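The values are calculated or read from the model by the stated rules, or taken from the named source; none is laboratory data. Please read these numbers as outputs of a predicted model, since none were measured by experiment. Because the Cβ atoms are built from the backbone with ideal geometry, glycine has one as well, and the counts that use them run over all protein chains shown. Surface areas here come from the heavy atoms of the whole protein model, side chains and all, with no ligands, DNA or RNA. Shrake-Rupley method; radii C 1.70, N 1.55, O 1.52, S 1.80 Å.
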Amino acid sequence: MKKFLRFLGILLLIVIVAIVVLGLVEPKDVIVERSTTINAPQAVVMDQVTNFKNWNNWSPWYKMEPTMKMEYTGTDGQPGSGYHWTGTKTGEGTMTNTGVDNGTMKFDLKFMKPHEANADGWFKTKDASGQTKVTWGLHMHCSFPMNFMNAFMNMDKMMGPDFESGLKDMKTYAEAHATAANDIKITETQFPGHIYCGVHKTIGWNDLSKFFMDTKNQLGQPPTWGLYWTWDTVKHQTDMAAVFVVADSSKRMKGASYINVPSSSACMVAYTGPYQGMMSPHMALHKYCASKNMKVKLVMEEYLKGPGNEKDSTKYVTNIYYLCDGMQAMASK
């Protein structure tokens, strides 16, 4: 018995030493990354990665278990949004959007079952002459001495194929649903002119959704138009107003701006699809106006169908107007 206990003691000592040694030599941080190039505008790809409800279009884990239970929180596409999943094959966990900026979306991933673990990840997109290079990455930190397990688990080989599968399906879906700029129908029309009521401010791009919601809460009516005077690609902000049409401006609402946009010649696109995909029609309108030597005074978006009355973002309907040539928009507080 003593020899057996001695043997166990020596064996335990060897295991402890092995764990310590491996913990000293194995990395504490593991990164898995995969990339692909998608023949679609950057905005279309960003719509797929920032909106968690779109992940079902390409996620390898949804493909593994389409019946898993999903519970979404927050405003999809915005920092703080997320989802909680429960499945028999995929276990249980949460995913949270921690930031969207300059073509990059960051997220936190927490596994609850079958094992607890934390990770952070990212999707990085970059325009590549009309196409989009997208990189899917994940980072996991293992403290000493638990990082010894990295000697026996190759996370790159375990998760890399899932990333490759997901990016392949994302590529297929995004390319099938991308709208090419040269396929967009542009109409020259006469904008009839309206009086608008709403809130006029300079807003950061990432705060646009919140600004529209704040305007609704402040004025008690959802804004159905967006008026854009500037679109600053350096500071990533816009001088704009979230508004709705009113019959006249004689009855003033506290804290509201009243904007009179007179009748004007305009170029217009009737766009159907997610808001993140509106870059293509805007680029097409900008190019068209430039080719006709039209000076754009004001850009307007009319939201006919959106999150308030349509759950599927691919069915949103937006009329986009570029008011040109001598148009004047007069704003008053």
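Which one of Tyr288, Cys324, Ala242 has its Cα pushed farthest toward the positive end of the charge dipole of the stretch 229-333, where Lys and Arg give +1 and Asp and Glu give -1 at the Cβ?
So the residue furthest toward the plus end is Ala242.
What's the ranking of 34-41, 225-232 by average number of surrounding C-beta atoms within 10 Å, highest first?
Working: 34-41: 18.9, 225-232: 16.5.
For the peptides 34-41, 225-232, the packing ranking is 34-41, 225-232.
Show Phe52, Phe111 ordered by accessible area, largest first, where the area counts protein heavy atoms only and the probe is 1.4 Å.
Listed by decreasing accessible area, they come as Phe111, Phe52.
Taking amide H atoms as placed 1.01 Å from N in the peptide plane, list the residues 5 or more away in sequence, or in a different chain, whose amide H sits under 5 Å from that of Asp325.
Excluding prolines and chain starts, which carry no amide H, the hits are Lys295, Lys297.
Tell me which trypsin sites (Lys or Arg not before Pro) from the stretch 69-138 have a DSSP coil assignment and no more than 15 other beta carbons within 10 Å of their own. Walk me through the intermediate numbers first.
Numbers: sites: Lys69, Lys89, Lys106, Lys110, Lys124, Lys126, Lys133; in loops: Lys89.
Qualifying residues, ordered by number: Lys89.
Under the Karplus relation 6.51 cos²θ - 1.76 cosθ + 1.60, θ = phi - 60°, what is the ordered set of whole-Hz ³J(HN,Hα) values for the stretch 200-213, x standing for Gly and Pro?
Computed from phi, the couplings for the stretch 200-213 are 10, 8, 9, 10, x, 3, 6, 9, 5, 4, 5, 4, 5, 5 Hz.
As a test of reading the structure, rank Glu116, Glu164, Glu92 by solvent-accessible area (1.4 Å probe, protein chains only), most first.
Listed by decreasing accessible area, they come as Glu116, Glu164, Glu92.
Once the whole set of protein chains is in place, how much accessible area is left on Met279, using a 1.4 Å probe, in Å² to the nearest 10?
Number for this one is 90 Å².
Could you work out what % of the accessible surface of the stretch 54-145 is carbon and sulfur, using a 1.4 angstrom probe and leaving DNA, RNA and ligands out of the count?
52 percent
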